[in-house]
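Worksheet: one structure, shown below.
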Amino acid sequence: MKRIISILLENESGALSRVVGLFAQRGYNIDTLTVAPTDDDTLSRLTLTTQGDDQMAEQIVKQLHKLIDTIKVVDLTVGSHIERELMLVKLKASDPEIRAELKSCVEIFRGHVVDVTASTYTVQLTGDSDKLDAFIDAVREIGIMEVVRSGVSGISRGDKFLRV
Amino acid sequence: MEHLSGGEIVIRALKDAGVKHVWGYPGGAALHIYDALYRQEDVEHLLVRHEQAAVHAADGFSRSTGEVGTALVTSGPGATNAITGIATAYMDSIPLVVISGQVPKAKIGQDAFQETDMVGVSRPIVKHSFLVTRAEDIAETIAKAYYIASTGRPGPVVVDIPKDVTEPSYKVPYEWPSSVKMRSYQPTNKGHRGQVKRAVKSLLSAKQPVIYSGGGVILDDASEQLVKLAQRLNYPVTNTLMGLGAYPATDRQFIGMLGMHGTFEANTAMHEADVIFAVGARFDDRVTNDLNKFCPNATIIHIDVDPTSISKNINAHIPVVGTCTSVLNEMLSIADELATEPDTKAIDAWWAKIDQWRADKGIYTASRYEPSSGDVIKPQDVIKVLYKETKGDAFITSDVGQHQMFAAQYYLFDKPRRWINSGGLGTMGFGLPAAMGVQLAHPEAQVACVTGEGSIQMCIQELSTCSQYNLPVKIISLNNSALGMVRQWQDMNYSSRYSQSLYEDSLPDFVALAEAYGHVGIKVTRYEDLEEKMRECFALKDRVVFMDIVVDKSEHVYPMQIPGGSMGDLYLNKAEKN
Ligand SMILES: Cc1ncc(C[n+]2csc(CCOP(=O)(O)OP(=O)(O)O)c2C)c(N)n1
Ligand SMILES: [Mg+2]
């Protein structure tokens, strides 16, 4: 099962490498990883996705928590949450018919064409990972030149929040 | 406020952290620190002969006292030589601070001379690490390092300091922080009261209980509480390799070590238990044997200060996160409040079973090996003689191999912090430097290193350090002319194909070697001489003595768990299985 784990981390040198190292050391995979400072620049917020059953997720959370630099860790998948990922896709689009087809496809997925040349469209899309996967499937035949995905960011729904 | 250079701050901060001894080895990147060391008398430095030994010595010091051990090394090869020592301490949760010099900040990343990314290299084997980038940060970082190393689940902390940060001409105000607070690190001490209560109730309702206690009890100095609880309940106690001494081995309720080379009675009692009370133990694979066959009928109560140890290998039915001391104390007081007594009838019946196992197949009740005689000295008998000669009250360090298991089985430890071995990493070479650390901490005590002719050669250079600092450790080398434990596995699993476990005729003359270092060497080849020579060895109070004892090559360590089996599936000797 896919897990979205959210971590509040001291924004210090070496902290990120400890998180990543832990996954390698314990034999867990990281599927996606995003990290950036928060409104408080002494803190980083890190979201990572991995696969695992409940027991494995519990171990991962505990192991992450044990790192000295981590302040809070939650497995967002346990409760209701919002998951977002940003994707940029460069597509082959020289044929006018294809350009039209692409445009309608982008609209259906509520994306934006953010750059255009005579032979390409660059599309920006946000949503959960499944939606981005679905878009890729929809345009695969047309000709994908490049895909850049940000990895998942997540936040819990409702009154719960992760803060010091 | 006083102004000090970075190098001076390192030493002053060590003093303010309560450090009296540092084990180390100098080199370019650490020379400003070494110069500061030279100009003071508060912190004594002991010069080893290899950085691995510096860390093991600091480790032995820590294990025998409970204090944080300290080592100081230079960058590059100094730092990498320390790695085995750090990993050894990490696996056994030993609190250490290892300070390493680093190339100047401006050179980091340039592949500079003697540059190694110490924080990177040590990352998977430290509790935490710091790279200090300003002289102003040294004191606080060192304070944090000692705090982190010694609290929660203890462990080694690396402090890597670039040379320019210790520059003598740059002086900054020095202040030792009066306390350390970290928002990201707040270890749990007290167990959850509801859980503790559940644990007590479950324990009191047991009919076939076993108390399984590990190194955590020793690290947290909770032996007294463990003994109180066990004796109040009259339940059997087994200790892990790391936990030996936490419960007195000569007490009736002690059923021996458990696990791969544990006693028949301990392993069988575990397998048949209805409640297992694990305290400061971690269900290591050298204990459990096949996880799927592990203790099928048992409710597991597990106390540990480290939440990641709980339900990692074996699911705990009643987990309690907290220090052994505080949780055991709370359990004792809850047991008083509840005023429920254990089921004495069931417990008596349980003891009758255990006593029968002990009588039939225990290693203490009758000899489980052929007796020694003439020129055949059984390694087990060496440990028994050592035990007798030291009245069971010595500090015993050990290396890794058959000799280690014989020592663990046959030296009956009645006190915690007396049995000092590398249990988790299994580091050959640990014994001698660890013994130096123990001897330094306990100058009047008898300190013996039980070793093999293989292991001792991994840090033998430390015989020189023993001379320099008058550390009169006794080396009890069980010489079976082989990497005995390897050979045992080759006998059992590889049809006695002794691939690279023999030395042909290349072993040194250990007596002459000891003498070359200025020590006493004693060779023993006949059983009838053993006691007398051992007495001679310990009579030489102020000397390092190297006992080269030629033991039976063919001996195996038994009992031994059968791979893939349950805890109770054991080879009892070469012919007998259970
Ligand atoms: C540094 C290191 N290398 C290899 C091993 C694997 N190993 C475990 S026991 C052993 C043999 C030890 O020989 P010796 O010290 O003579 O002890 P004996 O088993 O003969 O009593 C070896 C090679 C180890 N534990 N540590
Ligand atoms: Mg040997």
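Read the figures in this text as sums done on the coordinates, not as results from a lab. Keep in mind that what you see is a predicted model, and the values were worked out from it rather than measured. So basically every Cβ, Gly included, is an ideal-geometry build from the backbone, and we count neighbours across all protein chains shown.
Report the FRET efficiency, 1/(1 + (r/R0)^6), for B:Asp42 and B:Arg252, where r is their Cβ-Cβ distance and R0 is 45 Å, rounded to 0.05.
Details: r = 48 Å, r/R0 = 1.06.
Computed FRET efficiency for B:Asp42 and B:Arg252: 0.40.
Calculate how steeply helix A:15-26 sits against the longest principal axis of the alpha-carbon atoms of chain A, using the helix alpha-carbon long axis, and give the answer as 0 to 90 degrees to the nearest 10.
Long axis of A:15-26 versus the principal axis of chain A: about 90 degrees.
Using 1/(1 + (r/R0)^6) with R0 = 41 angstrom and r between the beta carbons of A:Ser17 and B:Ser373, what's the FRET efficiency to the nearest 0.05? List each step's numbers first, then the result.
Details: r = 60 Å, r/R0 = 1.46.
Once the sixth-power term is evaluated, E becomes 0.10.
Among the GluC sites (Glu not before Pro) within segment B:479-578, which fall in a DSSP loop and have no more than 16 other Cβ atoms within 10 Å of their own Cβ? Please report the intermediate quantities before stating the final value.
Values: sites: B:Glu504, B:Glu515, B:Glu528, B:Glu531, B:Glu532, B:Glu536, B:Glu555, B:Glu576; in loops: B:Glu504, B:Glu555, B:Glu576.
Passing both the DSSP loop test and the Cβ count: B:Glu504, B:Glu576.
What distance in nm separates the two pseudo spin-label positions at A:Asp40 and B:Asp348, each 7 Å out from Cα along the beta-carbon direction?
Reported label-point gap for A:Asp40 and B:Asp348 is 6.2 nm.
For segment B:1-109, which GluC sites (Glu not before Pro) are in a loop by DSSP, counting at most 12 other Cβ atoms within 10 Å? Write out the running numbers ahead of the final one.
Details: sites: B:Glu2, B:Glu8, B:Glu41, B:Glu44, B:Glu51, B:Glu67; in loops: B:Glu2, B:Glu41, B:Glu67.
Taking segment B:1-109 and a limit of 12 other Cβ atoms within 10 Å, the loop GluC sites (Glu not before Pro) found are B:Glu2, B:Glu41.
Highest GNM mean-square fluctuation, chain A, Cα pairs closer than 10 Å: which of A:Ile60, A:Ile68, A:Ile82?
Looking only at A:Ile60, A:Ile68, A:Ile82, the biggest GNM fluctuation is shown by A:Ile68.
Starting from the Cα gyration tensor of chain B, take the square roots of the eigenvalues, sort them a ≥ b ≥ c, and report rounded, prolate or oblate (rounded when a/c is under 1.5, otherwise prolate if a/b is larger than b/c, else oblate).
On the way: a/c = 2.02, a/b = 1.24, b/c = 1.63.
Since a/c reaches 1.5 but b/c is at least a/b, the shape of chain B is classed as oblate.
Tell me, what HN-Hα J-couplings in whole Hz come from the Karplus equation 6.51 cos²θ - 1.76 cosθ + 1.60 at θ = phi - 60° for each residue of segment B:529-542, using x for Gly and Pro?
In residue order, the calculated couplings are 8, 4, 4, 5, 5, 5, 5, 4, 4, 7, 6, 7, 4, 9 Hz.
Pop the C-beta distance of B:Asn470 and B:Asp360 into the FRET formula with R0 = 51 Å and round what comes out to the nearest 0.05. Present the calculation step by step, with values, prior to reporting the outcome.
On the way: r = 49 Å, r/R0 = 0.95.
Step by step, r from the Cβ atoms, then E = 0.55.
Report the extension gain between B:Ser178 and B:Asp285 in nm, rounded to one decimal, defined as 0.36 nm multiplied by the number of residues separating them, less their alpha carbon distance.
Details: separation 107, 0.36 × 107 = 38.52 nm, distance 4.20 nm.
Result: 34.3 nm gained on full extension.
Which values, in whole Å and largest first, are the semi-axes of the equivalent ellipsoid of segment B:38-186 obtained as the square root of 5 times each eigenvalue of the Cα gyration tensor?
Largest first, segment B:38-186 gives 22, 19, 16 Å.
Within 10 Å of each Cβ of B:210-219, how many other protein chain Cβ atoms are there on average?
Numbers: counts 0, 0, 0, 0, 0, 0, 0, 0, 0, 0.
Going residue by residue through B:210-219 and averaging, the value is 0.
Take A:Arg149, B:Arg12 and order them by how many other Cβ atoms sit within 10 Å, fewest up front. Don't skip to the answer; put the middle values down first.
Numbers: A:Arg149 17, B:Arg12 21.
Ordered from fewest to most neighbouring Cβ atoms within 10 Å, A:Arg149, B:Arg12 come out as A:Arg149, B:Arg12.
Grab the other residues whose beta carbon is less than 14 angstrom from that of B:Ile138, score K and R as +1, D and E as -1, and report the net. Spell out each step's value before the answer.
Values: positive: B:Arg12, B:Lys15, B:Lys105, B:Arg134, B:Lys144, B:Lys163, B:Lys171; negative: B:Glu2, B:Glu8, B:Asp16, B:Glu136, B:Asp137, B:Glu140, B:Asp160, B:Asp164, B:Glu167, B:Glu175.
Net local charge, B:Ile138 excluded: -3.
I'd like the trypsin sites (Lys or Arg not before Pro) in segment B:287-391 restricted to DSSP loop residues with at most 14 other Cβ atoms within 10 Å, sorted by number.
Values: sites: B:Lys293, B:Lys312, B:Lys345, B:Lys353, B:Arg358, B:Lys361, B:Arg368, B:Lys384, B:Lys388, B:Lys391; in loops: B:Lys312, B:Arg368, B:Lys391.
Counting only loop positions with at most 14 other Cβ atoms within 10 Å, the trypsin sites (Lys or Arg not before Pro) in segment B:287-391 are B:Lys391.
Return an integer: the convex hull volume of the alpha-carbon atoms of segment B:180-299, in Å³ per residue. Provide the component values of the computation, followed by the final result.
Numbers: hull volume 16.0 nm³, N = 120.
Residue-normalised Cα hull volume stands at 133 Å³.
Of B:Leu432, A:Leu76, how do they rank once you tally other Cβ atoms within 10 Å and put the fewest first? Could the numbers behind the result be given before it?
Details: B:Leu432 30, A:Leu76 22.
Fewest-to-most ranking of B:Leu432, A:Leu76: A:Leu76, B:Leu432.
Neighbour counts of other C-beta atoms within 10 Å: give me B:Tyr90, B:Tyr494, B:Tyr369, B:Tyr411 arranged from fewest to most. Show your work: numbers first, answer last.
Details: B:Tyr90 20, B:Tyr494 12, B:Tyr369 16, B:Tyr411 23.
Ranking B:Tyr90, B:Tyr494, B:Tyr369, B:Tyr411 by Cβ neighbours within 10 Å, fewest first, gives B:Tyr494, B:Tyr369, B:Tyr90, B:Tyr411.
Which of rounded, prolate or oblate describes segment B:390-522 when judged by the alpha-carbon gyration tensor and an a/c cut-off of 1.5? It would help to have the intermediate numbers written out before the result.
Working: a/c = 2.29, a/b = 1.33, b/c = 1.72.
Oblate, because a/c is 1.5 or more while a/b does not exceed b/c.
For a label point 7 Å from the Cα of B:Lys15 along Cα→C-beta, name the residues of segment B:37-52 whose backbone N is under 16 Å from it.
So the set is B:37-45.
Once you wrap a convex hull around the alpha carbon atoms of the protein assembly as shown, what is its projected area averaged over all directions, in nm²? Mind dumping the intermediate values first?
Working: hull surface 155.0 nm².
Directional mean of the projected Cα hull area for the protein assembly as shown stands at 38.8 nm².
Counting only other chains, and only Cβ atoms inside 10 Å, what mean value do you get across the residues of A:65-75? Working shown, then result.
Values: counts 3, 9, 4, 12, 4, 2, 5, 1, 0, 0, 0.
Counting Cβ atoms of other protein chains within 10 Å of each residue's Cβ and averaging gives 4.
Roughly how many nanometres apart are two label points built 7 Å out from the Cα toward the Cβ at A:Ala138 and B:Arg193?
5.8 nm
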